[in-house]
Structure formats: structure tokens, C-alpha cells
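The values are calculated or read from the model by the stated rules, or taken from the named source; none is laboratory data. Quick caveat, the model's predicted, so the values are computed rather than measured. When we count neighbours, we look across all protein chains shown, and the Cβ atoms used for this are built from the backbone with ideal geometry, even at glycine.
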């Protein structure tokens, strides 16, 4: 019995629970749906009220109409009242029609609004999903931005530290350079003082020796070959006997006084001609060059076009006797060619360089060949056996030019590291290092002066005895090439302002400037050349055209094209004046003459 009651109570509670749940769901549904259709229901209720009112009026009008009819039958003034009632009925009927039309319109608007609401709900759902995606993307971007900001802060701190380190290093470098320059200046002053002291000492000794030699009596030496007769020797010229008091005296040949060579060097000009070769002796087959040529031929015809190297050709040079031609290229080789019957026949290759060749030069006898290269070194080969004799290392940048001094026992090299070095080939060591302040593109030398062309548009004149700049000359563009005429009184320059200039070394002034339409300097190491007699200038342009100017008239003498397919890097005129060779950035070389 008790179990039956418990089950009945549980069933009762279960039924109450789902009834309450259904009631709550219905109330929730009523609240949700009533809000959407509340306005429609309100309008519908109004229409129902109007319909009910119309029905009530109709019902009321029916008895009124019968009453009116009765009254019309009863009284003659009832017609007017009946007419008024008809009018009211018509107005009410018209109102009903209008209200029906309005109700239909409202129904259509409700349907339209419902469709729009569905669309807006779908759009809202899409926008909410897009907003969630954008929030996720924004969070990812914020995390990435924070990471980048942290990295930026770390890099900024590192940059500040490096910048401070660079500033300190720059200050230290400037201080070291200042100290180094001051020490160099002191050393130069000391050397100049010692040289002056030594010169004065030698001059005093020479004067003393000359004074003592003048005071000494003239002894009689039977071995002497020069006779000095007394004043009246001519009086007894026809007599067979000579008086003892009139015995002829002789001046010994060993007593002929000459100033020491050091004194001659100290008082000679820094500009001079080539001296006798003193570098390791000459071979039996060495070429000799006696000076200016007898005849210079202005090139007009390409005699021979050939592939000189596997790649760009940077340098070209004739031997002093014009028999051999040397070319240097980016294939790390120097090739020797023999000019025979208007053709260049390959004779051999000089190997040993680890990078491209930048400049080449023969010594004054044609026995040795000097080449500078991009591997920070200069090398010397013997021409006869193609053997590498010297490798001169010490620069910290590529060597762009190297030249023999006139004694052929020393060379000067100029480098991209902004220094010039003087090398002694006997001891194979660097004697001096001069800081030029700018990358050196080309060098020419006289006996005691080195002229260097630099990237900072300046030509510097150095006295190699004191390591000091004699003078400077600034051009309008970066200097690419230098060359001297045969008597070493004029300097030829080429610069990146597309001008070729001749500088008079005696007045230190630009004497002539050459330019032409279509002439454009192709690189920072484009080489130009004087003719052997100094009457012509030859230069190659970036378009592969060879230009020849007449120095005497100052006008363009000849233009030669259609044989080079790229920029001309270097030009060389043979010392005999018969041939000109031009080389290009491609692999070709062209032999020119007037034949």
C-alpha cells in the first residue's frame, strides 16, 4: 500500500514536472513570438473591432430603415432623415473598403519584412562568423606584432651597442692615423735633415778635396798620357833639346775630380729620362729602345682581330723594341704575342697569378715583364723563359697599377687600399709605404717622381725620397689613366668626365683638353696613350670606338669603329710608331696600322 502511494507520488511529481516544463516552454515561445507579431496582432484586432462596429451599425441601420419607412409612411419629413442615414452608410462602407485595402497592404509589408528579417539574420550570422575570424586574426597579428617588437627592441639595443663600438673604433682609427701621420712627418723631417746634413758634409768634403788638389804640385809621371806645357813651351817648339827648367809636366788621369754620385742625385731634377738598366743584368736577347721613333703612323685599318683571352682583357703593352706584345686579362694570365707581317702570333703565356691582371709593363730592356693583379700582389717574369721571378705581396686590396722606376731595380705599385708601395727588387722587400688617401687607379714614374691618378679626382706628384707630395692637381672626374710623352715633360690623363687632358709638368697646368661626340670613358681603369713622338693621343670609348687626336692641332684626327663589340679597356702604341693595339671588355684585341 505504501509502495503504491510512493509510486503515485512520484508519478504525480513527474507529471507536474513535465507540465511545468511545457508551460514554461509555451510561455517562452509566447514571449518570443508575440514580440515579432505583436504589431500585426494589434492591427488585426483593430480591423476586427472596425468589422464588428460595421456589423453592429448594419444591424442597427436595418431597424432604423424599417422605422424610417414606417415614419415615412407616417410622416412626410422622414425622407430627409432616411437620406442622411444612407449617406452615412455609404461613408462607412467606403471606410471599410479602405481599411480592407490597408490591411492587405499591411499583410504584404509584413511578408516583405519577414523575408528581409530572414536575410538580415543570415547576414548577421555571417558577420558574426567573420567577426570571430577577424578577432582570431587580430589576436594572431597582435602576438606576431609583439614578437616583432621584442625582436626590434633587441636589434635596436644591438645596433646601439654596435654604433657605439663603431664610434669608438672610428675615433681610435682617427687617433691612430693622426699619430701615424705625425710620426711619418717627423720621420720625413728627420730624413730631410739627415739628407741635408749629409749633402752639406759631402759638399764640404768635395770643396776641401778640390782645394787640396789645387794646392798640390803637379808631379812628373811617365805613365800619364796628357801633357801640360809651360807658358813658353811654344818658343822652343822647333828645337830638339828642351831645357830642364822647361820640362813638360803631366796631369795624372786619376786626379780628374768629379762630384760624388749622391751629390748629383740630390741636386738633379725629379723629372728625367730613363737610365741604364741595373736590375739583375740583361740577357743576350734583350731589346733596346733608342728613344723617339722616326715615323708615327696614324692608324686607319684593322690589320688583325683576334681573341686574346678567355674573358675580359684589361691591359696591353708593347715591348721597347716593338717586337713583342703583352696582354693581360681576367683569365689570370699574361699572354705574349709576336707581331709578324701585320698579324699577332701567340708566343707564350705567363702564369702564376691567382686573379685577373690589371696592368702590365716591360722594363726598359724588354727582358722582364711586370704585372699587377686583383689578388693583392704584383709579379715579375722573365720574357725569354716565361719564368716567374718575383711575387710582391703586402697590399690589402687589389693592385690596380705597377710600374718600373727608371733604374729598373725598383718598382712602385698602387692599390685599391689607398696606398702606394716602393719595392726594391734586389732585396725583394717593400722599402716605403705611402698613404695616398684615395684608391690609386694608375701610376707613371720618372727618376725621382711618382705621379698617381686617384678615385678622388686628383693627380698627385710624389717625391719618393721624402715620401711627401710635391703637388696635387684636381680634375673634374675620377682619374682612370696616366701616360708620359717621350721626353717626360707632358702628362696625359683620362677621367670619368669624358675628357682627355695634357698637363705641362713644367708649369703644372692643363695645356690641352680633348673630347669628341660619342667618346665616353668606359670604366675607372680605361687606359689611354701618347704616340711615341708625343704628337698624337689614342683613347677607346665605352661604345667600342677608337679615337685619335692630333696634339699639334688639338683636333680629332681619326675615328675607328665597327671592330669592337664592347667597351675598349686599354690602348697601346708601339715604340716604333707602326702599330696600335686596343683591347676590350670582351675577349678581342685589334691590331691597327695605316696600311
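Could you tell me whether segment 44-62 includes any residue that is farther than 30 Å from residue 110 by Cα and modelled with pLDDT of 80 or more? No.
Applying the criterion of being closer than 17 Å to residue 394 by Cα and modelled with pLDDT under 90 to the residues of segment 434-474, the residue that is surrounded by the fewest Cβ atoms within 10 Å (Cβ to Cβ) is 435.
Sub-9 Å Cβ pairs linking a first residue in segment 180-192 that is closer than 16 Å to residue 419 by Cα to a second residue that is surrounded by 10 or more Cβ atoms within 10 Å (Cβ to Cβ) and at pLDDT 80 or above, at least 6 apart or interchain, are 180/435; 181/435; 184/434; 184/435, ordered by first then second residue.
If the condition is being assigned to a strand (DSSP E or B), surrounded by fewer than 21 Cβ atoms within 10 Å (Cβ to Cβ) and more than 36 Å from the chain's Cα centre (by Cα), then segment 301-346 contributes 301, 303, 338, 340, 343, 345.
Looking at 111, 122, 94 in this structure, which one is at negative phi, modelled with pLDDT under 90 and surrounded by 10 or more Cβ atoms within 10 Å (Cβ to Cβ)? Quick ask: steps written out before the conclusion?
Numbers: 111 fails: modelled with pLDDT under 90; 122 fails: modelled with pLDDT under 90.
On inspection, the qualifying residue turns out to be 94.
Only one of 434, 444 is in a strand (DSSP E or B) and in contact with a helix residue (DSSP H, G or I) (Cβ under 9 Å, 6 or more places away or on another chain); which?
Working: 444 fails: in contact with a helix residue (DSSP H, G or I) (Cβ under 9 Å, 6 or more places away or on another chain).
Sole residue among the options that is in a strand (DSSP E or B) and in contact with a helix residue (DSSP H, G or I) (Cβ under 9 Å, 6 or more places away or on another chain): 434.
The requirement of being out of contact with any helix residue (DSSP H, G or I) (no Cβ under 7 Å at 6 or more places or on another chain), free of Cβ contacts under 8 Å to residues at least 12 places away in the same chain and not in a loop (DSSP other than H, G, I, E, B) is fulfilled nowhere in segment 353-363; no residue meets it.
Could you tell me whether residue 130 is modelled with pLDDT of 90 or more, out of contact with any helix residue (DSSP H, G or I) (no Cβ under 6 Å at 6 or more places or on another chain) and surrounded by 10 or more Cβ atoms within 10 Å (Cβ to Cβ)? Yes, satisfied. A Cβ distance below 7 Å, combined with a sequence gap of six or more or placement on separate chains, defines the contacts here; from segment 84-97, residues that are farther than 15 Å from residue 52 by Cα reach residues that are part of a helix (DSSP H, G or I) and at pLDDT below 85 in the pairs 85/61; 85/64; 85/68. Checked against the criteria, residue 379 counts as in a strand (DSSP E or B) and buried (at least 22 other Cβ atoms within 10 Å of the Cβ). Taking the criterion of being assigned to a loop (DSSP other than H, G, I, E, B), within 26 Å of residue 186 (Cβ to Cβ) and touching a strand residue (DSSP E or B) at 6+ places or on another chain (Cβ under 8 Å), the residues of segment 448-499 that qualify are 448, 464, 467.
Taking each residue of segment 102-116 that is within 18 Å of residue 33 (Cα to Cα) and looking for partners that are part of a helix (DSSP H, G or I) and at pLDDT 90 or above with beta-carbon atoms closer than 8 Å, six or more apart or interchain, yields nothing.
Checked against the criterion of being loosely packed, with under 12 Cβ neighbours inside 10 Å, more than 30 Å from residue 464 (Cβ to Cβ) and at pLDDT 80 or above, segment 223-245 has no qualifying residue.
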